[in-house]
Each structure stands twice: as structure tokens, then as C-alpha cells.
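Read through the structure below, which is laid out as C-alpha cells, and then see the notes.
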Protein chains: 2
Amino acid sequence: MDSVLGIDIGGNNFRIGIFDREGRRLDLSEGRTDSSGGREWMLNEIHKRSQSLIGKAGRQVQACGISFGGPVNYERQEVSSMHVSGWRGFDLARWVKEKLQLDCLVDNDANAGALGEFRYGAGRGTHSILYVTLSTGIGGGVVCEDKLLHGRDSLAGELGHVPMSVAGAPCSCGGRGCLETLCSGTAIGLRGRGLAKNNPELMARTIELSSGDPQAITAETIFRAAAEGDKGALFIVREATGWLARGLLAAIRILNPDRIILGGGVALAGKHLLDPLHEHLEALNAPTLKYSTQIAVAELGNYSPLYGAAALGWELA
Amino acid sequence: MDSVLGIDIGGNNFRIGIFDREGRRLDLSEGRTDSSGGREWMLNEIHKRSQSLIGKAGRQVQACGISFGGPVNYERQEVSSMHVSGWRGFDLARWVKEKLQLDCLVDNDANAGALGEFRYGAGRGTHSILYVTLSTGIGGGVVCEDKLLHGRDSLAGELGHVPMSVAGAPCSCGGRGCLETLCSGTAIGLRGRGLAKNNPELMARTIELSSGDPQAITAETIFRAAAEGDKGALFIVREATGWLARGLLAAIRILNPDRIILGGGVALAGKHLLDPLHEHLEALNAPTLKYSTQIAVAELGNYSPLYGAAALGWELA
């Protein structure tokens, strides 16, 4: 009757859960991140809520895993600056040890999400996956032969920053034409707003679904219009999934994983994302290099990183 | 005083060696592949020469590893059709067991090359490498956490078929715009001959080095002219290494290996390949995603797959 504590520290939300060895979530405490509160506010919330969860768990809590929404040097177990101040170089695992008396393993949210889906979600039964988060940006994590692949600089799985287009748009990373600039939620929304400006009639239904405001168009409203068969929205989805297909094919050629799992807000579009994506992949496929890598949507939704945090905890327990 | 037998079966050459546990080559027998002789001729050569090497080895030969110059389904240990007839579905390991009384492990030449460089060449001291062969085509193999990564369909490491250019040239794989169509030895030679046709004055020195025949221009003569500082040749090298840099960056973003090792005929250009490649990578690098993956040239030259075959043998011994 053991358990572990899993913690997901994200820019918008934070989540804390108690999990058993089979990955069942026994208890949960979650809330919105107050980024103005900085590190201290977040640590205080975690401390308070974790103590409460541990107190009422009714079984021994053996270890802790943390998914951190920012760069983590896994080898040094060092978290880095998020958009929230105070985290740079902070020894989060030591803090957990001191405050909660639990050994702790920390990884970034993309890796934790990959591990969560691999152990408890859409990756169950495979030996290798690429997990891709399609949200504001594009992140990713790789599991190879049942283990997270971190890479030399803890940068493995950064599919969002594969260079795709030679004359592409500037990317948040400082590069140009990265996959993220072409098919992240942000990129899709931006494309929709651009098209609405120049061709409002083409985007009429998407504008309607965006409260009538062309500037309120997001990837979500575009996918909703596309689901209704709207021509303009379908055009944008087709374009974005074309780039995504090329990015995933690059990963298939290099890793050839058992499964690619798409998470993040954009993946909530489900078949409206997968259907055009499969069409593009089919068109790109080469007969002499037939692969059987499957493409699936994340099963744990927004909770993939939290489940991955639990899996990290179990690596210590 | 143990040893293993390593065999490299290639389209142009075949090589057989006896290796000790440290990867020292104790004896070697090699020759040109007579492709008109088909499978039977090759097996006969291997049988004869292997028996001779084993007979005079003076130490026990414990197992055998084979690098095969064609697709290998590693899981099923099944070799597939090369350009030479008779190999499709042939159980090479069983043949070795029957004829030479040695357990045997078979892999394709790109994977064997990766393993050879990892264990005994430019990858020594690392935990993960991507090995890339730049020759007629572009092949590759991945070592992750000290083990070859095969992938679900034995297709991992196929960097040559990462899609790079949307409106690119048709590729031998049936795809379009693959990395291989942009910077393989074949592609570089083709580009040189095309430029020589339209701008002979620009390619004057390369034509000279190609026995005065513009149609005899190859990647090799282009790199030789580039090494002399010839403007036209440098232009082609700069263009090809630009594509190669983008391909390698894709692999760095996805795998972030300790080292990328470039082998094959084109890599013999050494610094004349590496210098422009590093310039391109520097220009593409994003400040927020600084990686320390190193780029090196293969140390074992044409013998990387043979050394890898020996390493495969040692996995059984």
C-alpha cells in the first residue's frame, strides 16, 4: 500500500497528486498559478497542499516526482528560469527533501508528459515513443527502450525547433522557420487572424465562432470551424498539418519510434487534427521506407505531466 | 586470448577480419565484390576466407558479427534484397552457424558503422552518437545509452530521408526533397555538373581536376577544387553543407547526442567539409537552445562497418 507524490508546476496551472504503483490517482489538489507571486508563492502552495495530501493519504508516501514547466538540466537536477522569477538555479529536489522529507526527481514538463503517457497513457505497451505537445509552442520528449532520453544538454525531443523552412518566420528561440513557427497553436491562430484580415469572407465562420472579432481567432476556433467543414478553416488546418507531418516524418526517420503521441491544446481537436495529418503523411511516405510508427492522441490530456511526475517518483521508490 | 570474426558485405567491397576484445584487428582479408556472381559467389568467398583466417588465428574465435550492405530486419535477423540478387529473406546467421560453427549477429552497414565508430573510433568515451555516412546516398545509425537504436521497423537513423525541401527533387526512396537529394556525394556531383554546363568559367578548376571533362565532375573533384580556394567549387560546398547543417540540426534537436560522426567518401574532405558546416550550424544556432553536441569525422574510414561487425560479434561472445 505504497504511494508517491507527483507535482506539476506549470505557468498557468499547478497540480499535486497521490498515485499508486499502477498509476491510479488517489487524490488531487490543483489551482491556477499566480505568476505575480513568483517562486515563494508557488513553493508555499506546494508545501501546504502536499502536507495536507500526505496527511490524509492513509498510506505511506515514498518519494516525489516533479514536472517543471521550464528548462531542467536533468543531470544536475537544476531548474532554470521560467517566465516566473526566482527559479533560476533553484535546487527544487533539496527543497522537497527538507520540507516534505521525500526524495525527489525533477524533469521538464515535456519529458514528464512523455513519461506519463508512456507509462499510464497512450504509450502503454510500447517500448519507444515520441511525445509532442502542441500548444502555445511545440515541445517534446522521447522514450527509448523504456527510458527517457535526455540527451547531452537535456535538449532531446525539442521537435518544435527543428528547422523546417529556409526563409521562415523568426522563432521565440532566436532561430528562424522552426516547426513551432508553422504549426503551434500560436502559429495557427496567427495564420487565422492574418487570413481574416485579408480574406474576411473566407474566414467568416471562424470569425463568428470567435465572438465576431477577427482578432480573437485562435487555433481552437479554427479547429471548431474546420470540424463544421468550413473551407477557410480547413485550408489553415491543412497547411499546418502539412508542416506537422514533415516534422513528425523527420522524427520517424531519425527515431522510428513505436508510437508518436500528440498532446497539448491543439491535440484536443482529435480526428480533425489526425485525419489531415495522416493524409499528409501518406502523401509523403516513401514505398521503400515503409514504417509502422503509429500516431495517437494523448490519453491523459492536461494531466500527462502530472502522471509523469508520479512515474519519476516511482523511479526513486 | 579470445577473438571474434567480423564480416562486412558491401556492394563494392567485402572485408573479413579477426578482432580481439579491445577491437584490435589481428588479421584481415578483403576483396572487390563481384556483383555478377550474386549471393553464391559471395558466400563462397566468405566461407573460404573465413576458414583460412580462423585456421591461422592462433586463438579461439568465439562468435561472428556481420555488416550487411542492404536492409536488415534486425529483430527477425533477416537480410533483404541488395542490388545483388539472391539475398532476399536469406538467413545469413544460420548459414554462418552451419558453415563456420559460430553464433552470428547481423545488422545493416549504417548501424554497424555507427557501432564500430562508437566502440573503437571517433565515438569512444561518449554515450550516444549519430553516425552519418555521406557517400552515394546518406545513411545513418544511432547509438543511445551505449546501445544501437533500431526503431520499430529497423529504420532509425535514416537521416538521408528526412524531408528538407518542399519542392525538392525526387529521391531514390520515392519521396521528394530528402536530405540525400541535397548533399549526398551523388547530389554534390550532379550540382557540379549542372553548374559546369551553365557556367563553365565558374567551374573551370573543377573541370580541370576532372580530366577536363565537365561530365566527369564528382563530389571528390569539387572538394579538391574547393580546398584550393576555387570560387565555384566553394559555392557548391557552401550550399551542400548548408543543407547538411539543417539536417544535422534536426537530429540534434531530436536526439541531442554527445557526438555526430560523419563517415563515407564525402567525409574524407575533412576540414573542407567541417569548416563550412560549422559556419552554417553557428548561423542556425539559437541562443536559448545551446547544445554541446560535437561534430567529428569518422576515424575508421571505410572500415567502420567492419569494426562494427566485430562489436556485434562481441555482443554474443
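The values are calculated or read from the model by the stated rules, or taken from the named source; none is laboratory data. Since we're looking at a predicted model, the values are computed, not measured. Using ideal geometry, Cβ is built from the backbone for each residue, glycine included, and neighbour counts are taken over all protein chains shown.
Does A:LEU26 fit the bill of being over 22 Å from A:GLY116 (Cβ atoms) and in contact (Cβ under 8 Å) with a residue 24 or more places away in the chain? So A:LEU26 fails the test.
Just one of the listed residues (A:LYS271, A:LYS290) is basic (Lys, Arg), more than 21 Å from A:ALA156 (Cα to Cα) and within 14 Å of another protein chain (Cβ to nearest Cβ), namely A:LYS290.
B:LEU195 meets each of the listed conditions (1) out of contact with any Gly (no Cβ under 6 Å at 6 or more places or on another chain); (2) of a type outside the set (S, T, N, Q); (3) assigned to a loop (DSSP other than H, G, I, E, B); (4) touching a residue at least 24 places away in the same chain (Cβ under 8 Å) apart from (3). Looking across region B:270-306, the residues that are of a type outside the set (A, V, I, L, M), assigned to a helix (DSSP H, G or I) and touching an Asp or Glu at 6+ places or on another chain (Cβ under 7 Å) come down to B:SER304, B:PRO305. Filtered by the rule that a residue be more than 14 Å from chain A (Cβ to nearest Cβ), surrounded by fewer than 24 Cβ atoms within 10 Å (Cβ to Cβ) and hydroxyl-bearing (Ser, Thr, Tyr), region B:171-211 gives B:THR186, B:SER210, B:SER211. For region A:206-254, how many residues are farther than 30 Å from B:ARG152 by Cβ, assigned to a helix (DSSP H, G or I) and of a type in the set (Ser, Thr, Tyr)? Total meeting the criteria: 2.
With the requirement that a residue be hydrophobic (A, V, I, L, M, F, W, C) and part of a helix (DSSP H, G or I), what does region B:176-192 give you? If the condition is that a residue be hydrophobic (A, V, I, L, M, F, W, C) and part of a helix (DSSP H, G or I), then B:LEU182, B:CYS183, B:ALA187, B:ILE188, B:LEU190 are the ones that fit. Just to be sure I understand, how many residues within region B:106-151 are within 12 Å of chain A (Cβ to nearest Cβ) and hydroxyl-bearing (Ser, Thr, Tyr)? Here the count works out to 2. Just one residue in the set A:ALA267, A:ALA309 is in the same structural domain as A:ALA219 (by TED's automatic domain parsing) and either part of a strand (DSSP E or B) or buried (at least 20 other Cβ atoms within 10 Å of the Cβ) (or both); that residue is A:ALA267. For region B:152-170, the candidate set comprises residues that are over 18 Å from the mean Cα position of the chain (by Cα) and over 29 Å from B:GLU220 (Cβ atoms); within that set, the residue that is surrounded by the fewest Cβ atoms within 10 Å (Cβ to Cβ) is B:VAL166.
For A:LEU262, the conditions (1) within 14 Å of another protein chain (Cβ to nearest Cβ); (2) touching a helix residue (DSSP H, G or I) at 6+ places or on another chain (Cβ under 9 Å); (3) outside any helix (DSSP H, G or I) all hold with the exception of (1). The number of residues in region A:123-175 being at negative phi, among the small types (Gly, Ala, Ser) and assigned to a loop (DSSP other than H, G, I, E, B) comes to 11. On the stretch given as region A:152-170, residues that are farther than 13 Å from A:ALA114 by Cβ and at the interface with chain B (Cβ under 7 Å from one of its Cβ atoms) total 6. Being touching a helix residue (DSSP H, G or I) at 6+ places or on another chain (Cβ under 9 Å) and either within 19 Å of B:PHE223 (Cβ to Cβ) or surrounded by fewer than 23 Cβ atoms within 10 Å (Cβ to Cβ) (or both) is the filter here, so list the residues in region B:134-146 that pass it. Across region B:134-146, the qualifying residues are B:LEU134, B:SER135, B:THR136, B:GLY137, B:ILE138, B:ASP146.
If you go through region B:154-184 and keep only what is touching a residue at least 12 places away in the same chain (Cβ under 8 Å) and within 25 Å of A:LYS147 (Cα to Cα), you end up with B:SER154, B:ALA156, B:GLY157, B:GLU158, B:LEU159, B:VAL162. The set of residues in region A:233-262 being within 26 Å of A:THR218 (Cβ to Cβ) and polar (S, T, N, Q) consists of A:THR241 alone.
Among the residues in region B:295-313, are any more than 14 Å from chain A (Cβ to nearest Cβ) and either over 30 Å from B:ARG24 (Cβ atoms) or at pLDDT below 95 (or both)? Yes, region B:295-313 has at least one match.
Taken over region A:20-57, the criterion of being surrounded by fewer than 17 Cβ atoms within 10 Å (Cβ to Cβ), assigned to a helix (DSSP H, G or I) and under 21 Å from the mean Cα position of the chain (by Cα) is satisfied by A:SER35 alone.
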